Amino acid sequence: MKNSAFSELGIQPEILKAINEMGFEAPTSIQSKCIPAILEGKDLVGQAQTGTGKTAAFGIPAIQQANKGSKIPSVLILCPTRELAIQVTGELIKLARHTNGVFTVPVYGGQPISRQLKALKKGAQIVVGTPGRVIDHLKRGTLRLNNLQKLILDEADEMLNMGFREDIEKVLEYTEGKAQTVMFSATVPKAIKRLMEKFMTDPEMVRVEGRAETAEHIEQYSMEVRDSMRTEAISRVLDMSEFRLTLIFCNTKRQCDTLVEELQARGYTSDALHGDMSQNVRDKVMEKFRKRKIDVLVATDVAARGIDVDEIDAVFNYDIPQDPEYYVHRIGRTARAGREGVAITFYAGRKRRRLKMIEKQIRTKLVPLSMPSVKDVRDSKKGIHLENIVKTLEAGGLREYIEELEPLLEGDYTAIEVAAALYKMRIES
Ligand code: AMP
């Protein structure tokens, strides 16, 4: 099923190849709704927040329809901040990796204009810029829009909030209404509607909804950890808990594979489930998971769609899901058949806004947990092992083992020392 869902959107093979290498398995909802419409040439307003995959939603058609090899830009993308401009450029460069003749150049304030002039002179088909700097280049004549085919406004509401209305209008006037105009905005206030009326032709409105309710019986937690500590945090939580089956979600196939390797190296029985694997292999992995030969299954959203295992005690979000709807689907894999379940979303501080967005949509606040310390893990392991020792003593059937250990007591060791050594081995393993 390599890229099948993406290829249905009419994306050309060179870009599909890049998408596959980036590990995207299926289009997000904003992508499936916007890509075909933008490719058809329609004006469009996409109402979507960061984290929904909106960059690729406009970036893929931009690359596909850019005038390859042309000296004059055919696509201009306006962004509110230099950070966003850099980020968008980075994503477009990755997506255009196998497409010849498409270069993306960022222009933003704060960077020496000479460097940008040089880059523009070489010939850029896609320009990503902040409004102020773009106007500078237009005035200097170093950026020409007479061949522009697409004008894309990213985070349009944010640009208006930052006072860029006049600049945006100026750019729109430069294009003389000839370019296809696409706008992405988290909100659509009056000021945006006015822009739409003035500069867009019968724009298609696309919204991504995500107002699903989450299930009861699921304790929902969040844990803020640095990216470099995420696998460690997951391991500690696994060590402290007695989850039988755990399902971990990642946003990309590649991330699934990496996490499985890291977990296996730490001694967990773990396997991946994603769309690069044949149906046959996926069936085998599921069978192992169902029979508990794998404790930790690491999956992408699409691959996990068919999972119908009732005994999943915990769902972890290694990545914050692309879409709040996905969050609801993901955690709904636990607490099935009347059972209780735990869901933990691991996230880095800079992603806090996306987490808040999910909380707003699901109208539930995730309970913050702090990352367990090594001591926490040890203490909890001790508690679990002491309980298990008592259970084992009560169950009996120890004769055979007593006979094997007895010779040790004839030497220098006492029974309590032997027990302590076994206990230590267990805790420290
Ligand atoms: P954005 O909303 O454009 O800021 O995208 C958020 C993140 O999602 C970026 O890191 C993208 O690379 C990633 N992304 C975009 N589309 C997909 C997809 N279809 N599957 C997985 N990740 C994606």
Is there a residue in region 88-96 that is assigned to a helix (DSSP H, G or I), surrounded by fewer than 16 Cβ atoms within 10 Å (Cβ to Cβ) and within 13 Å of the ligand (Cβ to nearest atom)? yes
Helices (runs of 4 or more DSSP H) contained entirely in region 213-305, each with at least 2 residues that are touching a Gly at 6+ places or on another chain (Cβ under 7 Å): 253-265
Report yes if Gly396 is more than 21 Å from the chain's Cα centre (by Cα) and either open to solvent by less than 60 Å² (accessible area, probe 1.4 Å) or at positive phi (or both), otherwise no. yes
Note on Gln149: of the conditions (1) open to solvent by less than 10 Å² (accessible area, probe 1.4 Å); (2) away from the ligand (no atom under 15 Å from the Cβ); (3) modelled with pLDDT of 95 or more, unmet is (1)
Which of the residues belonging to region 321-365 are surrounded by 23 or more Cβ atoms within 10 Å (Cβ to Cβ) and β-branched (Val, Ile, Thr)? Ile331, Thr334, Ile344, Thr345, Ile358
Checking Lys71 against (1) away from the ligand (no atom under 15 Å from the Cβ); (2) buried (at least 19 other Cβ atoms within 10 Å of the Cβ), which test does it fail? (2)
Among residues of region 334-345, those that are over 11 Å from Leu366 (Cβ atoms) and either in contact with a helix residue (DSSP H, G or I) (Cβ under 7 Å, 6 or more places away or on another chain) or assigned to a strand (DSSP E or B) (or both), counted: 2
What is the one condition in (1) in a loop (DSSP other than H, G, I, E, B); (2) more than 10 Å from the ligand (Cβ to nearest atom); (3) at negative phi that Pro27 does not satisfy? (2)
Only listed residue being open to solvent by 20 Å² or more (accessible area, probe 1.4 Å) and hydrophobic (A, V, I, L, M, F, W, C), chosen from Val315, Val390, Val377: Val390
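The values are calculated or read from the model by the stated rules, or taken from the named source; none is laboratory data. This is a predicted model, so every value here is computed, not measured. Neighbour counts run over all protein chains shown; Cβ positions are idealised from the backbone, glycine included. When the accessible area is computed, the model is the full protein with side chains, heavy atoms only, and any ligands, DNA or RNA have been set aside. Shrake-Rupley method; radii C 1.70, N 1.55, O 1.52, S 1.80 Å.
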